[in-house]
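What follows is a single structure, written as structure tokens, with notes after it.
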Amino acid sequence: MENSTIENDIWFYEQNGERKGGVTETDLITLIKNGTLRHGSSVWKKGFPDWTNIEDTQLREHLDDTTPPPLTGAKVNNTVVWILAFAPLIGLTLEYFVAYVVHSSEYRAERAVANGHFIYITLILNIALSFLDEKKLKKSGTDTSTFSGWVWLVPVYLYQRAQTLKQNLAYFIVWIVCFLLIVIGA
């Protein structure tokens with residue numbers, strides 16, 4: 001009988017996309033106190049149907065109530081990410097504009113863009129928007145440590161962002177479609 005009570009007190013937690021545990025409730029409280037686990041952290045123990053946010057368990061009383069939880073996906077401002085979703089097309093437009101200013105000829109500008117002489121404009125735009133969006137997510141309280149290293153690889157960043165915020169993949173799919181339109185049109 002005592003053995004099943006001990007099994008029910010073993011907790012598991014998610015950290016950086018990995019399942020960790022089994023630890024005792026006391027160990028879990030220590031992880032909360034030292035900041036390893038916070039609002040939005042997922043935990044599980046025997047009897048739970050699925051992973052649960054720590055604030056939705058009896059452990060919520062151990063969370064620092066002076067720090068609000070991160071904004072949820074529905075509350076996060078997605079303006080920058082939607083501009084990023086269309087960045088391949090916006091970048092191409094900027095490439096044509098810069099090429100025309102540089103070459104003063106529509107034909108030479110089109111050839112320069114077709115040969116990829118101004119592709120850096122689209123790359124810089126995409127990466128800059130990713131960095132800007134990631135900074136906005138941090139300000140909303142979202143822990144971006146699991147995907148912030150991917151901001152330079154835009155589709156991976158967009159996918160990770162959608163997963164972290166529990167949003168649909170719409171802006172990820174739009175970016176892929178815009179990118180494919182650019183590649184097919186080239």
*Kindly list, by first and then second residue, each pair from a residue in the stretch 45-71 that is on the phi > 0 side of the Ramachandran plot to a residue that is modelled with pLDDT under 85 and not aromatic (F, W, Y), limited to pairs with Cβ atoms under 9 Å and residues at least 6 apart or on different chains.*
G47/N8
*Filter the stretch 145-186 for residues that are in contact with a helix residue (DSSP H, G or I) (Cβ under 6 Å, 6 or more places away or on another chain) and of a type in the set (S, T, Y); which is nearest to S130 (Cα to Cα)?*
Y157
*Give, as residue ranges, the helices (runs of 4 or more DSSP H) completely inside the stretch 103-184 that count at least 2 residues that are small (G, A, S).*
106-114, 119-139
*asked:* Six or more apart or on different chains, Cβ atoms under 6 Å: show the pairs whose first residue is in the stretch 175-186 and closer than 10 Å to P88 by Cα and whose second is modelled with pLDDT of 90 or more and part of a loop (DSSP other than H, G, I, E, B).
replied: C178/F86
*Would a scan of the stretch 111-128 turn up a residue that is farther than 18 Å from I182 by Cβ, of a type outside the set (D, E, K, R), surrounded by fewer than 16 Cβ atoms within 10 Å (Cβ to Cβ) and not assigned by TED's automatic domain parsing to the domain that holds G17?*
no
*How about the stretch 2-28: which of its residues are at positive phi and either modelled with pLDDT of 90 or more or surrounded by fewer than 16 Cβ atoms within 10 Å (Cβ to Cβ) (or both)?*
N16, G17
*For Y171, all conditions in the list (1) closer than 30 Å to G35 by Cα; (2) surrounded by 13 or more Cβ atoms within 10 Å (Cβ to Cβ) hold save one; what is the number of the exception?*
(1)
_Taking the criterion of being touching an Asp or Glu at 6+ places or on another chain (Cβ under 7 Å), of a type in the set (S, T, Y) and farther than 18 Å from S130 by Cα, would at least one residue in the stretch 97-115 satisfy it?_
yes
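The values are calculated or read from the model by the stated rules, or taken from the named source; none is laboratory data. Keep in mind it's a predicted model, so treat the numbers as computed, not measured. With ideal geometry, Cβ positions are generated from the backbone for all residues, glycine too; neighbour counts draw on all protein chains shown.
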